[in-house]
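First up is the structure itself, then whatever we jot down about it.
The values are calculated or read from the model by the stated rules, or taken from the named source; none is laboratory data. Note that the structure is predicted; figures quoted are calculated from it, not measured. Neighbour counts run over all protein chains shown; Cβ positions are idealised from the backbone, glycine included. Surface accessibility is based on the protein's heavy atoms, side chains included, excluding ligands, DNA and RNA. Shrake-Rupley method; radii C 1.70, N 1.55, O 1.52, S 1.80 Å.
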Amino acid sequence: MTLTYRQAVAALTERGRFGVSLGLQRVSRLMDEVGHPEAGLRGALVGGTNGKGSVVAMTRSILGAAGLRVGTMPKPHLVSYRERIAIGGEPLPPGDFAAAVERILPAIDRVTAEVGPPTEFEALTAAAIVELSRQRVDLAIVEVGMGGRLDATNVLDLGVATITNVQRDHERFLGSTLTAIGGEKAPIIKAGDLAVTGASGRGLRPILDRCAGLDVPLRRAGARQPYRTTLRSTGWEGIVVDAVLPGRRMPDLQVGLLGRHQAQNAAVALATLDALAERWGIGVDEATIRRGLAAARWPGRLELLDGTKAGLARVLLDGAHNPAGAEALATALADLGLRRPTIVFGAMRGKRVSAILRALAPLEPRFVFTRVDDPGALTPQSLARTWRRVSGRRAMTAATPAEALEAADADPLVVAGSLYLVGAVRGMITGTTEDG
């Protein structure tokens, strides 16, 4: 039987979305069943609370500018499941995606009988690993799903392990302290790796201990570290930074991603690039680094779109689904001169909504609260109540994202709080749908 794209998506979505405790175990068994394709992959495994997707995007863009064929596994997808397996920054075509899922289904059946059914994320991770191996990519730059120690992606040992930072998110699964959260992220670092981190404070200690215990060299990025950046300017075209690396400087680097927080992510990406060069002999000159950083894009993360097709003006999309992300969004909006912005906002259960809204409150935003069609989404009414408790102000509500866009009238209009909401709105603006 040859699956269609829709059948492949159905085979994935019938599985539960979450299943942290056995994720690594099940994917390890899947790799046993399909002959360990992960063993032939090389590259970098990128974890951290915030910024890991941006670091992957920058690193992939630089390597692509160098002519290398790079495989990635972006998560979550915004509109189409095809986004979850990408080569050269482009999602797999529908037929190739369906074939990738179909290749893993027999192994899933066998593993299900032994350790229970893999979740959607675990099945996608296994399918992506098999496909990137089959496609013989030069490098795989892979973003961790959640945490690290038990995450399905930790089946990979790509030679370089990067942890962008350690901040608060997913405390139900990762722990309530930065030390505990850092302890969950540090195990993506394995013996024989080269490691990179931009972490600081209490979340850094488990990473230092892990590297010391395994005798793994660690490159550090951040203020007063060997890899650091100084922000020169911010704007609608991205940011400009001066970068300092061991033994060299790169002034006036244009980064194509919006927000001053991308300066730190750029430092982590440059450290990751140096680690890849040492570990895998990948040489990239300064001119290529400049081209790659300027061309970097990361959909749904401070992404500015023309909303004309949806009857809107400009629309700025950003996930901002935890307090640190909301603080970065608030700073970016202030840097761009946006005061009292209109924000269409939705959030999922389990998120620190009060803290997220509190981080945005200094902007005095006009909120339109809504929800996506997902049982895990909070109701617009509950979000409005939380906002009133946080700020003392009222807000509009809308039953659906489409109704929220109709109620909002702004240029630019900001959409934030959940990548599921961002994906829904992005689909409306771009005219793309989950149809392959």
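Tell me which residues, restricted to segment 301-325, are under 15 Å from PRO412 (Cα atoms) and not in a strand (DSSP E or B).
GLY307, THR308, LYS309, ALA310, GLY311, LEU312, ALA313
In segment 365-381, how many are open to solvent by less than 10 Å² (accessible area, probe 1.4 Å), among the hydrophobic types (A, V, I, L, M, F, W, C) and part of a loop (DSSP other than H, G, I, E, B)?
Number of matching residues: 0.
Scanning segment 326-340 for residues that are in contact (Cβ under 8 Å) with a residue 40 or more places away in the chain and open to solvent by 10 Å² or more (accessible area, probe 1.4 Å), which turns out nearest to ASP409 (Cα to Cα)?
Keep residues of segment 326-340 that are in contact (Cβ under 8 Å) with a residue 40 or more places away in the chain, which gives 326, 328-329, 331-333, 335-336, 338.
Now restrict to residues that are open to solvent by 10 Å² or more (accessible area, probe 1.4 Å): 328, 331, 335-336, 338.
Numbers: ALA328: 24, THR331: 22, ASP335: 21, LEU336: 19, LEU338: 14 Å.
The residue in question is LEU338.
Can you confirm whether segment 77-87 contains a residue that is touching a Ser or Thr at 6+ places or on another chain (Cβ under 6 Å), of a type outside the set (D, E, K, R) and modelled with pLDDT under 95?
Scanning segment 77-87, I find at least one residue that is touching a Ser or Thr at 6+ places or on another chain (Cβ under 6 Å), of a type outside the set (D, E, K, R) and modelled with pLDDT under 95, so the answer is yes.
Scan segment 117-167 for residues that are assigned to a helix (DSSP H, G or I), of a type outside the set (Ser, Thr, Tyr) and under 20 Å from ASN50 (Cα atoms) and jot them down.
Matches in segment 117-167: PHE121, ALA152, ASN154.
Would you please name the residue that is farthest from GLY337 (Cα to Cα), looking only at residues in segment 383-408 that are in contact with a Ser or Thr (Cβ under 7 Å, 6 or more places away or on another chain) and touching a residue at least 60 places away in the same chain (Cβ under 8 Å)?
Filtering first and then ranking leaves ALA404.
Go through (1) in contact with a Leu (Cβ under 8 Å, 6 or more places away or on another chain); (2) under 21 Å from PRO76 (Cα atoms); (3) surrounded by fewer than 20 Cβ atoms within 10 Å (Cβ to Cβ) for GLU171 and report which single condition fails.
Of everything listed in (1) in contact with a Leu (Cβ under 8 Å, 6 or more places away or on another chain); (2) under 21 Å from PRO76 (Cα atoms); (3) surrounded by fewer than 20 Cβ atoms within 10 Å (Cβ to Cβ), GLU171 misses just condition (1).
With more than 19 Å from the chain's Cα centre (by Cα) and either at pLDDT 95 or above or surrounded by fewer than 20 Cβ atoms within 10 Å (Cβ to Cβ) (or both) as the only criterion, which of ALA186, ALA191 stands out?
ALA191
When you look at VAL101, is it more than 30 Å from ALA320 (Cβ to Cβ), aliphatic (A, V, I, L, M) and crowded, with 17+ Cβ neighbours inside 10 Å, yes or no? Full working, then the answer.
Working: more than 30 Å from ALA320 (Cβ to Cβ): yes; aliphatic (A, V, I, L, M): yes; crowded, with 17+ Cβ neighbours inside 10 Å: yes.
It is true that VAL101 is more than 30 Å from ALA320 (Cβ to Cβ), aliphatic (A, V, I, L, M) and crowded, with 17+ Cβ neighbours inside 10 Å.
Among the numbered conditions (1) in a helix (DSSP H, G or I); (2) farther than 13 Å from GLY307 by Cβ, tell me where VAL425 comes up short.
(2)
Pairs only if they're at least six apart or on different chains, beta carbon under 8 angstrom, first in segment 184-204 and on the phi > 0 side of the Ramachandran plot, second of a type in the set (A, V, I, L, M, F, W, C); list them, first residue then second.
GLY192/VAL216; GLY201/VAL166; GLY201/LEU178
Return the residues of segment 348-364 that are part of a helix (DSSP H, G or I) and open to solvent by 50 Å² or more (accessible area, probe 1.4 Å); say none if nothing qualifies.
Listed by number, the residues that qualify are ARG358, PRO362.
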